[in-house]
1. Please name all residue pairs, on different chains or six or more residues apart, with Cβ atoms under 8 Å, provided the first residue is in segment 1-29 and is of a type in the set (Asp, Glu) and the second residue is not in a helix (DSSP H, G or I).
2. Return the pair list, or none, for Cβ contacts closer than 6 Å from residues in segment 35-56 that are touching a residue at least 40 places away in the same chain (Cβ under 8 Å) to residues that are among the polar types (S, T, N, Q) and not in a helix (DSSP H, G or I), at least 6 apart or on different chains.
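Quick note: the coordinates plus some simple rules give every number you see, no bench work behind them. This structure is a prediction, so every number in the text was calculated from the model and none was measured. Every residue, glycine as well, gets a Cβ built from its backbone with ideal geometry; the counts of neighbours run over all protein chains shown.
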Amino acid sequence: MVNAIKGQLISCDVPMAQFIVNLNASMPASERFIVHCLIPHIFVHPHVAEMIRSKIAEFRDQNSYEKPQ
């Protein structure tokens, strides 16, 4: 019998994939969202795609440098 799971495939570079894996690991066991991980491709539950985008945006904002004027 075939088991099918609806989800979203995320393709990214290895450092961003590691960020997503660490984000998943920091969640409680009941809220983990990775279905399958083959770095740099990660298959996740579809309802967390926007949350991942927002966490990546926060990470980029924290780690960006703007030259002082």
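1. Asp13/Pro40
2. That search, which allows pairs on different chains as well, returns Pro46/Gln8; Ala49/Gln8.
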